[in-house]
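Visitor: Let me give you the structure first, and then I'll get to my questions.
The values are calculated or read from the model by the stated rules, or taken from the named source; none is laboratory data. Keep in mind that what you see is a predicted model, and the values were worked out from it rather than measured. Cβ coordinates were reconstructed from backbone atoms using ideal geometry, including for glycine residues, and neighbour counts include every protein chain displayed. Calculation scope for accessible area: heavy atoms of the full protein, side chains included, ligands and nucleic acids excluded. Shrake-Rupley method; radii C 1.70, N 1.55, O 1.52, S 1.80 Å.
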Amino acid sequence: MAWDTTVTLGKGDVVSNESLANLLREERRFAPPADLAANANVTAEAYERAKADRLGFWAEQARRLTWAAEPTETLDWSNPPFAKWFADGKLNVAYNCVDRHVENGLGDRVAIHFEGEPGDTRSVTYAELQREVSKAAHALTELGVRTGDRVAIYLPMIPETVVAMLACARIGAPHSVVFGGFSADALATRIEDADARVVITADGGYRRGKPSALKPAVDEALTRPGTENVGNVLVVRRTGQEVAWAEGRDVWWHELVDRQPEQHTPEAFDAEHPLFILYTSGTTGKPKGILHTTGGYLTQVSYTHHAVFDLKPESDVYWCTADVGWVTGHSYIVYGPLSNGATQVLYEGTPDTPHQGRWWEIVQKYGVTILYTAPTAIRACMKWGDDIPAKFDLSSLRILGSVGEPINPEAWVWYRKHIGADKTPVVDTWWQTETGGMMISPLPGVTETKPGSAQIPLPGISATVIDDDANEVPDGSGGYLVLTEPWPSMLRTIWGDDQRYLDTYWSRFANRYFAGDGAKKDDDGDIWLLGRVDDVMLVSGHNISTTEVESALVSHPKVAEAAVVGATDPQTTQAICAFVILRGGAAEEDGLVEELRAHVSKHLGPIAKPKRILPVAELPKTRSGKIMRRLLRDVAENRTLGDVTTLTDSSVMELIQSKLPSAASED
Ligand code: 6R9
């Protein structure tokens with residue numbers, strides 16, 4: 001592969017052309033399987049159509065939905081960046097996700113195959129889902145929830161979570177789902193910011209083989225100032241564990257919801273009626289409440305789920321392993337799949353409980369055909385060893401998806417080979433809480449895939465890579481990823497803070513949405529994501545992307561996962577510090593650190609050689625598996641740790657800190 005321009009990310013050169021070519025040495029291309037291409041939901045023609053008439057294309061996609069009043073207007077961009085999509089249309093999101101399938105004679109189709117962590121199972125048909133959502137909608141109304149009121153949802157991965165979200169949507173009460181792993185503090189901040197009126201929670205959920213309480217965190221959160229407007233806490237009984245009870249405030253789900261009528265007439269709301277607020281941490285300051293609305297959001301998540309997963313609702317069994325508290329759970333467990341009438345698996349627990357083959361056992365059991373997961377999970381499976389998935393029959397799988405972080409070529413190829421029998425397409429989907437739905441991804445029946453690259457904007461989406469001066473970079477160069485045209489599922493604002501919306505996303509470059517990610521275009525114009533711009537390191541005058549060094553480390557056979565940060569250094573401005581998790585079986589023997597440093601140097605050039613490499617057992621991650629590099633930077637710079645409330649497991653940091661002085665290698 002020839003690279004004729006130096007790749008830049010911000011100011012200064014990143015790595016030499018030659019080293020980029022090395023990094024992208026995975027030059028294999030994978031053509032779509034012939035049968036998939038022949039029967040694909042979406043073909044290459046969609047790109048042409050969308051290019052010729054972008055708004056017409058989206059208006060056509062909006063017709064996937066059932067509208068109470070068909071929109072006549074597609075996009076109102078008269079007050080950018082405050083978009084209105086399908087503004088004069090009216091619809092009910094829950095009706096679109098549930099009732100219309102029942103009306104179409106699909107009531108007996110399974111919507112959700114629920115697999116509890118302890119092994120309990122439940123299958124919920126669309127007809128049952130309609131009854132449950134209707135009852136829950138009545139229950140919320142009985143609790144005084146009115147259209148526009150916010151409801152906080154703090155639940156494990158159980159069917160009631162989906163029911164609760166759809167019940168909110170049905171009555172036009174925006175939900176704010178808070179990840180069940182978050183602390184009382186994080187929950188309180190979110191309840192306060194959204195001014196929630198009701199909290200829906202459970203006694204607990206099952207996690208790593210034991211019940212893990214949720215209700216105590218709600219009780220504690222509601223003692224904090226700012227949460228006074230919460231009138232009721234609706235509690236699902238999941239684990240049966242003891243709970244404290246506030247009379248008058250707390251209500252059992254099975255007592256209130258079960259006695260409600262099974263029919264509920266859905267009301268149609270404006271397409272710009274708010275659907276949900278979802279908090280995303282951002283690097284500093286208070287979390288941002290990303291606001292999504294209904295018509296445009298549902299159009300894009302429905303279309304992308306249909307297109308990128310080639311969903312055949314009558315025969316596919318779809319499984320997205322994300323937590324519902326992450327945007328991926330909102331868009332690709334709840335709204336996308338259900339609007340398309342999919343049958344899906346919902347799994348409550350962790351991938352290694354009670355054994356490291358649990359996921360593959362589930363794929364085999366339900367005959368899962370489409371699997372959507374995160375690179376962090378794929379790398380964990382690599383670490384546990386190839387022999388584990390090999391014990392299960394995974395032949396039902398036909399499409400594999402990835403989301404959440406750049407997927408390094410090594411993990412991509414492993415995923416395809418060991419999970420996808422070396423034949424299933426892997427679709428690497430780039431998007432954000434803010435974008436609501438997928439933006440950049442191959443199409444499985446069209447695109448020749450390249451390991452490690454999200455490749456091209458989906459039909460109807462306009463994205464590119466620009467330099468500091470907002471000039472589009474030529475192929476073979478790097479810079480900042482921007483979105484150049486509004487899209488239906490875009491965030492509408494930050495809840496209660498229009499100015500922060502403008503400042504965060506629309507002020508860095510005029511008329512362009514700044515995603516905060518570094519990216520590069522290869523010689524074919526395909527897009528490669530390079531991680532958050534905030535994570536770029538400055539070493540002796542060179543900008544180096546953490547993703548590239550991590551990718552180089554993971555390409556070493558002994559490394560399963562790597563996290564790289566730049567720590568302040570008197571000589572070089574920043575020094576590269578790497579934290580690595582070794583693959584199953586690889587020992588932390590003498591000379592390993594040297595070997596890894598040499599490996600990176602060989603692949604990316606001496607400038608990218610880490611100064612320190614520390615083998616660790618775990619890395620600090622968010623709920624969606626994103627590495628919290630900020631905390632690792634604190635460790636590397638010997639500082640007190642910053643905010644750890646969004647960490648899934650805070651003991652990880654103690655473990656890392658305890659290892660620091662002895663194991664670090666320095667020049
Ligand atoms: C859906 C989701 C968004 C950030 C995004 C980027 C990273 C997500 C990616 C990816 C490379 C992919 N990201 N998907 N990076 N390749 N396929 O993850 O939303 O939690 O808001 O995170 O995640 O850095 O900007 P969210």
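Visitor: Please give the length that would be gained between Asp108 and Glu45 if that part of the chain were fully extended, namely 0.36 nm times their separation in residues minus their C-alpha to C-alpha distance (nm, one decimal).
Guide: 19.2 nm
Visitor: Here is a further query. Tell me, what % of the accessible area of the range 145-287 is carbon and sulfur with a 1.4 angstrom probe?
Guide: Answer for the range 145-287 is 45 percent, counting heavy atoms of protein chains only.
Visitor: In sequence order, what are the phi-derived ³J(HN,Hα) couplings for the range 337-346 according to the Karplus relation 6.51 cos²θ - 1.76 cosθ + 1.60 with θ = phi - 60°, rounded to whole Hz, with x for glycine and proline?
Guide: x, 5, 5, 8, x, 6, 9, 9, 9, 10
Visitor: Related question: What ranking, highest mean first, results for peptides 164-170, 244-250, 539-545 when packing means the other Cβ atoms within 10 Å averaged over each residue?
Guide: Going from most to least packed, we get 164-170, 539-545, 244-250.
Visitor: So what's Rg/Rh here for the range 112-233, counting alpha carbon atoms and using the Kirkwood radius for Rh?
Guide: Result for the range 112-233 is an Rg/Rh of 0.98.
Visitor: Treating cross-link reach as a plain straight distance, find the aspartates and glutamates whose alpha-carbon is under 19 Å from the alpha-carbon of Lys365, omitting any fewer than eight places away in the same chain.
Guide: In chain and number order, the partners are Glu115, Glu117, Asp120, Glu314, Asp316, Glu348, Asp352, Asp387, Asp393.
Visitor: How big is the Cα convex hull of the chain in projection, averaged over all directions, in nm²?
Guide: 27.1 nm²
Visitor: Right, here's the next one. Can you return the lysines within cross-link range of Lys90? Criterion is Cα-Cα under 22 Å, with same-chain partners fewer than 8 residues away left out.
Guide: By straight Cα distance, Lys90 reaches no lysines at all.
Visitor: How long is the gain from Ser651 to Glu314 if the chain were fully straight, where each residue apart is worth 0.36 nm and the alpha carbon distance is subtracted?
Guide: Full-extension gain reported as 116.9 nm.
Visitor: To the nearest 0.05, what FRET efficiency results for Thr223 and Ala68 with a Förster distance of 41 Å applied to their C-beta separation?
Guide: With a Förster radius of 41 Å, E is 0.45.
Visitor: Using mean Cβ contacts within 10 Å as the protection proxy, how do 45-56, 365-376 order, highest first?
Guide: The packing order, highest mean first, is 365-376, 45-56.
Visitor: Tell me which GluC sites (Glu not before Pro) from the range 575-612 have a DSSP coil assignment and no more than 16 other beta carbons within 10 Å of their own.
Guide: Those satisfying the criteria are Glu588, Glu589.
Visitor: Still on this structure: With the crude spin-label approximation of a point 7 Å out along Cα→Cβ, what separation in nm comes out for Glu595 versus Asn79?
Guide: Distance between label points: 6.2 nm.
Visitor: Give me the number: length gained by fully extending Gln571 to Arg208, i.e. 0.36 nm times residue separation minus the C-alpha to C-alpha distance, one decimal in nm.
Guide: Going from the current span to full extension adds 126.2 nm.
Visitor: Sticking with this structure for a sec: Give me a comma-separated list of calculated 3J(HN,Hα) values for the range 210-224, in order, Karplus coefficients 6.51, -1.76, 1.60 applied at θ = phi - 60°, integers in Hz, x for any Gly or Pro.
Guide: Once rounded to whole Hz, the list reads 9, x, 10, 6, 10, 4, x, 5, 5, 4, 5, 4, 6, 8, 7.
Visitor: Distance cut-off 21 Å, Cα to Cα: go down the list Lys558/Lys609; Lys417/Lys602; Lys391/Lys417; Lys391/Lys450 and report the pairs above it.
Guide: Lys417/Lys602; Lys391/Lys450
Visitor: May I pose another question? Counting only residues 5 or more places away or on other chains, whose amide H sits under 5 Å from the amide H of Ala111 once H atoms are built in the peptide plane?
Guide: Val124, Thr125, Tyr126
Visitor: Could you work out what % of the accessible surface of the range 375-497 is carbon and sulfur, using a 1.4 angstrom probe and leaving DNA, RNA and ligands out of the count?
Guide: Taking all protein chains in place, the range 375-497 shows 47 percent carbon and sulfur surface.
Visitor: Pop out the ³J(HN,Hα) list for the range 160-165 in order, Karplus 6.51 cos²θ - 1.76 cosθ + 1.60 with θ = phi - 60°, rounded to Hz; leave Gly and Pro as x.
Guide: 4, 5, 5, 4, 4, 5
Visitor: Also, I was wondering about something else. Counting Lys and Arg as +1 and Asp and Glu as -1, what is the net charge of the other residues whose Cβ lies under 12 Å from the Cβ of Gly329?
Guide: 0
Visitor: Another question about this same structure. For the chain, what's the relative contact order in percent, using C-alpha pairs closer than 8 Å and at least 6 residues apart?
Guide: 15 percent
Visitor: From zero outward in steps of 10 Å, how is the percent of C-alpha pairs of the range 199-341 spread across the bins?
Guide: Whole-percent P(r) values from 0 Å outward: 9, 26, 36, 25, 4, 0.
Visitor: Between Lys391 and Lys417, how many nm apart are label points set 7 Å from Cα along the C-beta direction?
Guide: 2.2 nm
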